[in-house]
Each structure stands twice: as structure tokens, then as C-alpha cells.
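Below is one structure, written out as C-alpha cells; comments come after it.
The values are calculated or read from the model by the stated rules, or taken from the named source; none is laboratory data. Please read all numbers here as calculations on a predicted model, not as lab measurements. All Cβ positions, even for glycine, are placed from backbone atoms using ideal geometry, and neighbour counts span all protein chains on display. Calculation scope for accessible area: heavy atoms of the full protein, side chains included, ligands and nucleic acids excluded. Shrake-Rupley method; radii C 1.70, N 1.55, O 1.52, S 1.80 Å.
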Amino acid sequence: MKMARAAAIVLALFTFLGCSKESDSFKIGAVLSVTGPASFLGEPEKNTLLMLQDELNAKGGVEGRKVQIVIYDDESDVNKCVMAAKKLIENDKVAVVIGPSISGNTLAIAKFFAPAKIPLVSCSAAEKIVKPVDPWVFNTPQLDRHAVGKILMDAKKKGYAKLAILTVSDGFGQAGRAVLQELIPAQGLALVADEVFGPKDTDMSAQLTKIKGAAPDAIICWGTNPGPAVVARNRAQLGITTPLYMSHGVASKKFIELAGVSAEGLILPAGRLVAVSQVPDGNPQKALLTKYVADYTKKFGTAPSTFGGHAYDALMLVTEAVKMGKSFKPQDIRDNLEKIKAMPGTAGVYTMTPENHNGLDESAFVMVTIEKGEWKVVD
Amino acid sequence: MNAPLLEITNLDVFYGKIHALRNVSLNVRPGEIVSLIGGNGAGKTTLLCTISGLIRASSGAITFAGEDISRRAPEKIVQEGCSHVPEGRLVFSPLSVADNLRLGAYGRRGAGPRAETREQATEDLERILTMFPVLRERRKQAAGTLSGGEQQMLAIGRALMARPRLLLLDEPGMGLAPLVTREIFRHIVTLRDSLGLTVLLVEQNARRALKIADRGYVLETGRVTLEGPSRELLANRDVQHAYLGRDIDG
Amino acid sequence: MAEPLLRCTDVGVRFGGLQALAGVDLSALPGEITAVIGPNGAGKTTLINAISGMVQAQRGTFRLGADDITFAPAHERSRLGLVRTFQNLEIFSNMTVLENVMTGCHARLRVPAWASLLRTRASRAMEKTIRDEALEVLDFVGLFELAKYQAKDLPFGKQRLLELARALGARPRLLLLDEPAAGLNMSETQVLADLILAVREHFRLGIVLVEHDMDLVMRISDQVMVLCFGQVISRGTPAQVQRDPEVIAAYLGDDED
Amino acid sequence: MSVGYRRDMRWLGGFLVVLLLAPPLLGNNYYLTVLTMCCLNAMIAVGLSLLVGHAGQISLGHAGFYGLGAYTTAALSTTLGVPVGLSMLAGVGATSGVAALVGLPALKLKGHYLAMATLGFGVILSILFNETVGVTGGPSGFTGIPRLSLFGVEFSSDLSVYYFILALLGLVIWVAFNILHSRVGRALRALHTSEKAAQAMGIDIARYKLFIFVVSAAFAGLAGVLYAHYLTFIAPASFGFLFSVQLIVMVVLGGMTSVPGTIAGAFFLTVLPEFLRAFENVEILLFGAILVLCMMYLPDGLAGGSSRLWRLVWRKMFVRAEKDPMEGGGNG
Amino acid sequence: MDQASLLQYLITGLTVGATYGLTALGFTIIFNTTGIINFAQGEFVMLGGMMSVFFMRALGLPEPLAIVLAVAGTTLIGALVERLAIRPVRDCPAINLVIITIGVSILIRGAAMLLWGKDTFALPAFSGAAPVAFFGAALMPQTLWVLAISLLILAGLKMFFSRSIHGKAMLACSFDPKAAALVGIGVDRMVLLSFMISALVGAVGGAILAPITLTSFDVGVMLGLKGFAACILGGLGNPFGAAAGGLILGVLESLGAGLISSAYKDALAFVILLALLFVRPSGLFGQKDGKRV
């Protein structure tokens, strides 16, 4: 009878098998962190994909086929991400996968795609994803290296010699910290303090007090909301006047709202998305950014963040690759992704090669500052 | 004869799957000491718990002072004037003796027919401490540090703080030295004689219980098998054989 | 006179400011039943706890036969043959009756834990031996029929017997019984008395008994020791103690009712 | 008791047969992945049920042991190039060793204090996984862990890894049953009910508590080791305090004292989120509600609930007297 | 190490510690009545902050009114939790109830996420955001508010449990619910009351802390963990211990981050907590033997 009970349990397992039905649509899979700690990435990404799906289908789809995007939430959890990825590959039989939102999850599932012969276009930024190049894996965000390069260029220009860094202890912060630790000495600058805060910490006064003691010329804070907002607030409260650089991870309106007046005067590298109106008219990204911001704001009531843009770019790269080869075969999509040249996206202008599966460079960033609660391009 | 203070008719109680009480009827008249005797597992404690509302009866009626209390919550039953001193004392061991006693009057705070004023409560406390001088000595000590006999007195004192008309006593002599047991039993008689308290008593030592009781009921596997004046039960051969054993006290 | 099985000398236990036991001596002979009586709070249970190692005595020495057990932890004392029961039943309610007694046999047959983990031949053989012995003990106390029942479903009186059987499973040299008759009615107590005598006969062990039920004490004990406020106030045969005026005043009371 | 042992062995046999036959029936790799994760979680949960359900101790740090196994084998096999079989053994060994060191002082604590101590230990471990970037790869994870291989033979397909994990799960369950049906199991249940009485029966309670703590940690370590080589990627987020809590929920939800129940709890909680995926944002609400309702209406866990249901069905379908009154009461 | 920095660490630690302490107080109240650890306590704190934000933004209410409404709303939710999820099954083993509270916390968190989204929000400080210089360290006016209100709540609870008969009646319910019922204490009502009070304390904490710590739907998880740690550090069941435990934990973290390593500050705090438990198995101010196991 216990056997029967076990059988019943396994039966329950079976019953949740949904059968996937074949259709003529162009099926794209997406694994995004719609909930959980990384939901600030996954949610705008999901919104963007849904919006674009409707938009593409309203225009008759891609190469005559309707676009169907199957989105799974990995809850920012690596195990759930693995299962979702397998489900997309095995059950849903998608032609291409977009996502995941976070680097760790991307690294965990990246190796499934070569055997499955399906391309993966990730929305997460870690360098490890595309270096060394996995023929089947691409990513769309600007790399940390480019952001750090931008900041250090600015710091050098202003004559800052001693830098302190304050990074969040999650994947994003760790990746940034590693690049900072590498590039600061490489650029001939001194790293005088290296502090860390937890992603859920609510007060960074202790770290800032310690940094203050090291007397740096500037502080670089690397994290995503809400931590850096707290850092900005604590800096103001402690009366620290040392210039503070932020990372591109906070390039959203939400940060300015959370940090309030403390955000005034902070400098950071950001994609052009945050300050569309200040992008010069001749820029190849201008039209696309203006439309994206307008559409998104209209549909969801808030301005899009650069993270949603990563999903936008991923989907546009994929559809471009389909159009180039007029083929929905995963193998053809992969081959054509590598051939994309000078295609404007929200993050920058993409030029892919078999050696470069990211396709962006430092020009994707502009340095912005915050003035009266608004972004202002400074270079 | 005056109307019974407590009247139980055709009571049935299930304890999980066990049919713990079967069609039990009994009554207790004002000023009486009534003793319940019976073997282990006969349902004596279950009966007391059912009266005080800790266990719900599946059928039957429990009438206390003319009102049906079989569906009331335990704290309401205490407020009606029926206090239960449970088996094993159950004093609040980390609280002080005085706090334990004060909590005894908890149900009488605020409004209600039997509500009392602060002065009355203090007065009651004083009365109990006089009745049990050991408790006065130890009123600031945590109740858990008292000896078994002292805890039993505290438990009774705590119940008396509610100014009950009926006291349900479950095994007051359990685990106590003969001398202490005698003292407790003397107190029970005094309570009846001086305060007019009515007592329903459960005690393993059937002889001792029947000696102070006016009447008794014998409970066997959930049924009342015998009832009558104590003297008759003491003399009953079956009772002697089953519950009284060889008498070494007398 | 035989060599004492248990010899406790000058036992002193203190809880914070309270002197629970002071200068208590106790010796128990093999094949004899030694009763300890006294008012509540006199230190009887503390004495049992100190002997069984549940409470560490600050003063005094304990010897079991040839072994000095003064500093042995409780489980070690049990393994040496000093086994106790509890006043408030401490049966293993989540086991069957048989398992309770088998647990009692725990310490006697030593097979390493990993052997049980892998269910080696030796461990299976041991299980079988233990099982047979446990059934034998259950038969002795009259619980054989109930072996498969959950211990918690047993009526109170049977649980008392089970606690005794469990202790016997450990094949003690000296059995400490802490109020075995508490909560039993008089006829049940008489059955218990006969059983304790039979146990002494059959297992040839010494018994130390703490009890309030004077009927039981007077009937079965060979020696009685009376404790009051942590000190011994009287010793002797049951008859001697019962007549001792100090004992009457402190414990028995004059029999007026 | 041997009757009970035989019954449990029959159950184990049936369980293994069903899971052996499951993959071909399920058809694809996704279900296989879900099933593999179920088996890994079940492995930890079975160990934890010995500790929580039988010995009555609690651990809110088992995710830490799971992670310790995973990181040890990952670091040894990837960074230092130790053969996988050896590094796996080392992973389980290290986990057991650390469990012994922690258990020694921690198991003197009781109840909520023990819960806090184990929880704190789990938190410390997860901070170490997160911060010792040089060893663990930090928050973005440890990549490039070699696949499972023994004696130079690599388990190249997911199916072969699944069968290997299933075999080890079978072994873990077998050991668990052996413990329960032996003097060790009785000693554990004894000290759960009454530490005093257990001591009085000659049981060295400190030793047994430590023993079962180490055994259950070793099971968690084993699961961690297998997980690392199965997924070839690990990240600290999988070994945090929330997973420890989830493990306890699996054990309690399944029915603390029943091994089959615990396994059912582990399977249920692993599969449930996959099930609920269709509900998107409402998923978390449903998950919470299902948890609360299960606990409210199945106080004995899935094991108790299913045996109650089964008895009902049994009686309805075959109208005959039950021969064995002890049947259906779960184990232990 | 200069004194101003040290003082700064201390101030920071006390502010963060007050967060933990207030959560720990909530734990204590429910534990003292029912003997269970309510894992949804952190969610009460979250609700206090998030509902204040909601009332201010969505309904445009002034801050004090928004906070009062948020506290009232959370108290109501506390009552609902007890009535719907705890009372029907109160006779279950404690571990089942604890798991139910875990489920409830997931439920509340999910509902908050659906209602108010996943964003983080800030609440304006009660009396300005300009820091006050204090012996070279910066002190926020809000910190003073937090410390003062926390102290007030602590004093109130201490009084309630050690002086008032109702407080003692609540304690009695946890020592022995059966005996409590038999002396006329309505155990159901006491448990309900305890959930309401601890929801109230949590919500007040959430509201006064939101200007400093920001708030979002998921702040409850971490607060629950730290609050529980604070409770144990101080000795379970003792409100004074809980508050002190919270403050000590906060200061430990802050000093750890400032003097030793910000990466390991949490680990450091837990190492000290563990070491302390091994020496004093029932917390700093706990009774010698855990009265409940």
C-alpha cells in the first residue's frame, strides 16, 4: 500500500505535464527574474517583451510568422532558472531563449544551449558570459568594464588620485568590484578603501565613516537599488563632501526618488536611455530610444529603465537575425546574430563578430549627473 | 431537600475515538461534599474537565445553578462560580505566589453579576493568606519553588479567589505525604463548614475521600455503576474489594 | 551481613541558597528493599536524582558495589546497573510497549552505532536477543498481551507497570523506584506490592523505594529511612519507624480520622 | 518490529521501481531535471527528519551543510584538480567533520536556542560562501565544475546522473530505515520524549544527539556534492537561510516521523513551484496559502493525510476487515 | 581610531539596533502568550512602513494620519491572522504553528507585492533631514525619534508584563493554557490580544524606521531573522532582553563593519551570538532554564 502511495505521488508529478502544441508561430522563450531580489531587472524586461510582442504582431509578425514569447519567472533563484530553461528547451521547443536577468543564472544555464543547438541572448552583463565565447551564447547589456573605464576616465580628468570603492555583496557588485580592483591600479590610481555592504542592508554609515577616515579623493559605489540610495543619503547625513560616483546599476528614476536631495551632484555612467531628450538628433539611437520611452511610458505608466532596454535589444537582435537569414532555424539565427553590424539598440550600437558576442563598447555609455532631480549628460 | 447546585443528565463524552463517558447522570446539592471514585481510566478526570468546559460533551446536559453550562467556555464557567482545581495543581510556576492568587480573581474583573472591586480582591487575598499561612510566608517566591503540598494549597487558594460556589477537586492528595494529605482534607471540610462551599471530589484514596464526603458515585469505564451515601459505599463489599483494599489506617 | 550494594556517604546537595540534602548516608543491601519516606520537600526525589546522577551532588561519595560512581554521568551509572523509575511517568509515549522495554535493554548489548546503520549480522542478532528478553520481562510484569500497543494508549496503571518493566529490561543490580504507587488506587497498589516482591525474588536485586503510600512501605520494605528538611531523622525497620514520635510529628501525623 | 522493517523495505523497493521507470515515461529532460532536484531535496529532508522528527532536535542550518558539501567538492575538483570521486568523498567528510565540531557545543542548547544557534551557523556559512570570492567564486557563482565521474568514467547523460543519484537516495533511505528500526532509532526517540528517562536507561544522550546531527549533515553534504557535479554550477543563493527553512517545512509538511511522508513533502515542495509557474505573480500568494492550508488541515503532514485518505479508499473498495490493526499508521 | 568615528559607529548601531529590538519585542509578546515564534513578525514591520507610504502617496494623507491608519490597519491584520490561521489549529504541535506563521508571512509578502509593487519607497523624516552635530558625529533627528519611541514602547510593555494583572494573565496563558482557562482567563482573547499588540508594535516600528531605512515589500525577511536573533541574544520571553538584544546586535554589526570588515559584519555578529549562547545557553537576560523547550 505504501507503494501505491508512492505511485500516487509520482502520478501527481505526471499530471502537471502540460502538453505543448505545435503552431506556426515563431516561438521565443524567456527566463526572467520577474520576482525575487532581482525583480527590478526582470519586471521591466518582461513588460518590454510583452509590449514588443504585441507591436510586432500588430505589424504582421516577423517574416510572416506571429511572434509568441513564452516567459518564465525564475524568482531570481538558480535552481528555478535551470528548470525553467530546461522546460523552454525540452517542452516548449523554442527557437531561441532571451534572458536570464542575472549573471549567475545565465552562467548556470549557458552550457545547456550548445548541446540543444538553440541560441541564448542574455540580458545580464557579466563578462564571463561572452568571454571566452560560447558560440551559442550572446548578451546585450553594456559590460562593467566599459562603465568602470568611463568612470576612471572622468576621475583622471578631474585629477582624483586616491579612490575608495563601496560595493554591494551580490553578483552585480562582485563583478564590478573585481573590475574596479583590476582597473584602478592599472590606470595608475590608488585604491585606498575597499568596503562592502549587503544587498538588504539599511544603513551604510559605518562603511562611509571608515572610508572617510581613509580620505579618498572620490568614492565609487557599485550596486543596484535600494543600497546605493542609502549610501547617497548616509553620505549627506554624515556631511561627507567627497565626490561620489555611482554605477550604471542605478540609472533609473527610482534611484533619484529614493535618494531625494542626497542624489544631487552624483555622477555615473549610463546608457542614453535615461536622458533621451539630451541625445543629439544625429545619434543613430535617438529615434529608437524616443519611441521606446514613449511607448513604454504610455503602456505601463512609468518610464522604462535601462534594464528593460536589455530585453528590447535582445529581441530586436533576434528578429534582425531572423530577417537577415529569412529563416527561423535556431542554427541560422545563431549564425546571423554573429553577422549583425552597426545595429542601433537601446544600450548602444551593436556590432557582433564570432569573437565578440556582446557587440558594444565604451561609447554605449555617457556620463550623467543628477541636477534638480533630473539626469543631465555631462560629456 | 433543596435543588441541586450541579445537575448532570445523560452525559456522553468522546475522547478521540474512546467513548470516555457513557450516559452519566449525577447531582451535587448545595453544601455537600460528593466524592467520585473509580479505577484509573474510569473517566473521573474527564468528567471534571467536561463540567469545567475544557472538554465538550457530545450529548447530555450540565446544569449549574439552574443554567445550562454545557456549551460555555471554561472562563465563563469560572465566572458563574464553578472552579476546578486540576490534577497536578498546574500552578503558574514562574509567577509569584501572590500573582498566582491574584490571577485567581481574574475572571471577576470588570463588569458582570459577580464582579468585584479592588478592595474586595485585596480582602479575598488576605483571607486566603490567613487560611494558608505557608502561602503568606512565601508569597513573593515563584510558585514553582514550592513543595507539592504547598502547591496544592496554592492551587486551592487560587481557585477560592474566584469566590466559587462549587469547587471541583481533582486528586488533591496525589503525591503528598500522609500528614499533608490529611491537612488538605481538613481544609476541604473546613471550607464546606465555614464558607458553605460545595465540593465535588475525585481522589484515588477512596477511603479517605469517602470519609469526608456526604455521598459518593462509583465510576467504572465511563459509567456510573453505584451511588449512595458515603457510609453505605464504605460498607459495600464490592467497593471494598475493588477500591478500598486492606485498611491499615483505621 | 552482606556487603552493601549501594553506599552513599555524607551526601550534600544545594540549589542556590537552598540546602536540599545535608549529610545523608544511605546504604542498600542486595536483596533488600530500602524505603525512603518523608514530607514533601524533604529531599527524597533529590536524593534519588543524586544517586542516579541526574543531579550532581556537591558533597559526598557514591559507590555501587566495587565501583566509585561519584562522578559518573547518569547514563554511565545506569550501565553499571543502577536504574531508576520516575515519579511523573517518563515512559516513551511515541513507542510501542515492546519498544519501550527494548530501549531499557539499550545499554546492555554493545554494538557500535554504525553497525545498526548498516544493519550488519551482529546488529540483527542483537536486535533479536533484545526483543526476546524484552518480551520475557513484559511477560513477567503481565504486559505481554499489550506488547504491540502504543505506550501512550495504555491506561495509567499499566503505564506504571511499563515503567517498571522498562527499568527491569536494563537488568539492574539496584533499582530506584520513585513513588511507584502514586496515582494508583488501593487494590492496584496491592498488585504492585506483590509485583515488587516478586521482582526482588526473581531478579535478585536491591531496591531503594521512595513512597508516600504507607501501606506499601510498611508491607514490603526491610528498612526505612525518614528524611525531613534534607536530613535523616529516623532509620530502622518499618515498625520502629512507625512508632518514632519524631516521624509521627513530622510526617505521619496522629491518626485521628 | 521486523514486520515494520519488512514493510518499509517493501515500500522502498516500490519507491525505487517507480522512480526507475519514471524517466522513460516522462519523456524529456525537463521532467528529469525536476525529478533529480526532488531526489536531492528528499535526500536532505530524510536526514533532517531523523534529526527533527525522531530525535526532536532542530536545525535551521542544513542548507549550510548542503552548501559546504557542494563547495568543498567544487573547489577540490575544479581548482585543485582532485579526481571527482575523491573530492566527493572529501565533501561529505568535510561536512560531517564541521557538523561534529558545531554540534558539540550547539546540541547542549535546547528548543529555540538550538534553532538560533544552527540558524546563525547557517548564516555564517552562507556569508563565507558569498565573501570568500577567491575560493567560492562569490555571489555570481562557481562555474566550470566537472560533471560527475567515478573511476575515470564520466556520467555523460543526465539520465545516468539521475540513476546514480537515485541509487544513493535509495541508500540514504535504507540507512534511515535501519537507524529507525534499531537501538539507535529507539535511543533517538527515547531522548526526544524524555532526556531524563533516556539517561536513566543508559543512553548517552549527548553522543546520540551528535551522532544523528552528523549523520543528517552528512546526508545534506552528500546531496550538496551530487548537486554540484550535476549542475556544474553553484551559487551562494541556493544555500541560504531561506532554503534551511524550506527544508524544515518539507519535513513537517510531509509528516515529521514518517520517512515516506518526508519524501512526499520534499517532492511536493519541489514540484509545487513548477506547477504554480502558470499563475505568474499570484504564485507566491498561492504558495503561502497552500502551505498554511496544508498545515491547518493535515496536522500530521502529507503522510498522515494520505494514510487517512488511503484507509478510507481501502474500506470503500474492499469491504473486508483490516487484518493488521497497526497498518497505515506511518512509521516509527 | 578617532572618537568621533567610534561615536558614529555607536549611533549608527543603535539606530539599526532599534529596528531589530522593535521586531524582537513583537516576537516576545506572542511568545509570552502562546509559546510560539511568529515568523510573520517581520511582515508586520513591513506593513507598518508600506501602508504608511501607501496612505501618504495614494490617498494624499498627511504623514501622522497615514501612520496612525497604517498602525491600525496592521493591528487589524494581526487580529485576522490569529483568527483565521492560528485559532482554528491552536492545539497543534508548536512546530506546525511555526510553519503556519511562515506560510502567513509568505502570503502577506505576496499580497504586499501584488498591491504595492516591488519598488522600494522612502517616507519623509518626521522633523527634517538635517543632521545635528553631536561631539563630531552626525545625528539624525529621526534617530532620536526612533530611540525615544522605542524606549516608550519598551517601558510600556515592561510595565504591562510585570505590573498589570492583564500582562500576568497573558504570561499565564503561555505557562499553562489549561490552568489559565480554569482561573477564568479567556485564553482565546489573550492570544488574539497578543497578536494585535505585537502587530501594533511592529507597525509602529515599521513606520518610524521607514524614513531611515527605506521600505519595500520584502524587508520583513531580514528583519524577522535579525529580530529573532535579538530575542535569543537577550533571552527569550523577556521584553527588556529583546530590546537590549536588538541594540547589542546593531552595535556589534556597526562596530564590526567599521573596525573589522564590512564584508563579514553579519558573520561577526552571529559568531559572537553563537559564542555567547555556548557560554550562556539561555541568552543574556534569560531565565536559567528555558521554561519551554
So for segment C:163-236: antiparallel DSSP bridges make up what percent, rounded to the nearest 5? 50
I need the Kirkwood Rh of segment C:1-78: take the reciprocal of the average 1/r across all distinct C-alpha pairs and report it in angstrom. 12.9
Label points 7 Å out from Cα along the Cβ direction at residue C:63 and residue C:240: separation in nm? 2.2
Return the Rg/Rh value of chain C, two decimal places, where both radii are evaluated on C-alpha atoms and Rh is the Kirkwood radius. 0.99
Among C:95, E:126, B:73 - extreme Cα towards positive end, dipole of the protein assembly as shown, charges at beta-carbon: C:95
Using only Cα atoms, tell me the angle between helix C:186-203 and the longest principal axis of chain C; keep it within 0 to 90° and round to the nearest 10. 70
Along the principal axes of its C-alpha atoms, what lengths does the protein assembly as shown span, in descending order and rounded to whole Å? 117, 72, 60
Net +/- balance of residues flanking residue B:97 in space, Cβ distance below 12 Å, scoring K and R +1, D and E -1: +3
Between E:173, E:231, E:92, where does the largest GNM mean-square fluctuation fall for chain E, given springs only between Cα atoms within less than 10 Å? E:92
Segment E:191-274 - convex hull of the alpha-carbon atoms, volume per residue in Å³: 109
Can you give the relative contact order of segment D:3-299 as a percent, counting alpha carbon pairs under 8 Å and 6+ residues apart? 34
Find the relative contact order for segment C:93-171 and round it to a whole percent, using C-alpha pairs within less than 8 Å whose residues are 6+ positions apart. 54
Along the charge dipole of segment C:93-171, pointing to its positive end and built from +1/-1 on Cβ of Lys, Arg, Asp and Glu, which listed residue (C:157, C:105, C:141) has its Cα farthest out? C:105
What is the Cα radius of gyration of segment B:1-138 over 2.2 N^0.38 Å, N being its residue count? 1.18
Averaged over its residues, how many other protein chain Cβ atoms are within 10 Å of peptide D:278-289's Cβ atoms? 6
Exposed trypsin sites (Lys or Arg not before Pro) absent - longest run of chain A, DSSP non-H/G/I/E/B, at most 16 other C-beta within 10 Å: A:159-325
Within the accessible area of segment C:93-171, what % is carbon and sulfur when the probe is 1.4 Å and the other protein chains stay in place? 57
Taking the Cα centre of segment A:157-314 as origin, work out the dipole magnitude from +1 charges on Lys and Arg Cβ and -1 charges on Asp and Glu Cβ, in debye rounded to 20. 300
Per residue, the convex hull volume that the Cα atoms of chain E enclose (Å³): 132
Can you give the FRET efficiency for residue D:280 and residue B:186, using 1/(1 + (r/R0)^6), R0 = 60 Å, r = Cβ-Cβ distance, to the nearest 0.05? 0.20
Environment charge at residue E:82 (Cβ cut-off 12 Å; Lys +1, Arg +1, Asp -1, Glu -1): +3
With charges set only on the Cβ (+1 for Lys and Arg, -1 for Asp and Glu), what does the dipole of chain D come to about its Cα centre, in debye to the nearest 20? 1100
Hits for chain E under the membrane-span-like helix rule (DSSP H, Cα axial span at least 30 Å, Kyte-Doolittle mean at least 1.6) are E:94-116, E:187-213
When all Cα-Cα pair distances of segment C:93-171 are considered, the percent exceeding 21 Å is 27
Between residue D:25 and residue D:89, Cβ-based FRET efficiency (R0 25 Å, step 0.05) works out to 0.15
Working from Cα positions, state the angle (0 to 90°, nearest 10) between the long axis of helix A:205-214 and the longest principal axis of chain A. 50
Most mobile of C:71, C:229, C:86 in a GNM of chain C (Cα contacts under 10 Å): C:71
How long is segment D:205-257 along each principal axis, judged by its Cα atoms, biggest number first, in Å? 39, 24, 17
Report the calculated FRET efficiency for residue B:195 and residue B:25 (r = Cβ-Cβ distance, R0 = 30 Å), to the nearest 0.05. 0.65
On C-alpha positions alone, give me the angle between the axis of helix A:286-300 and the longest principal axis of chain A, in degrees, nearest 10. 70
Assigning unit charges at the beta carbon (Lys, Arg +1; Asp, Glu -1) and nothing else, what dipole magnitude in debye, to the nearest 20, does segment E:1-143 show about its Cα centre? 320
Per GNM of chain D with C-alpha springs under 10 angstrom, the most fluctuating residue out of D:197, D:115, D:266 is D:197
Say the dipole of the protein assembly as shown comes from +1 at the beta carbon of Lys and Arg and -1 at that of Asp and Glu; which of B:235, D:70, A:118 then lies farthest toward its positive end? A:118
Given labels modelled 7 Å from the Cα in the Cβ direction, how far is it in nm from residue E:261 to residue A:329? 5.4
Under 1.5 on a/c is rounded, so check that first for segment D:142-293, then, if it is not, pick prolate when a/b is larger than b/c and oblate when it is not; a ≥ b ≥ c are the square roots of the alpha carbon gyration tensor eigenvalues. oblate
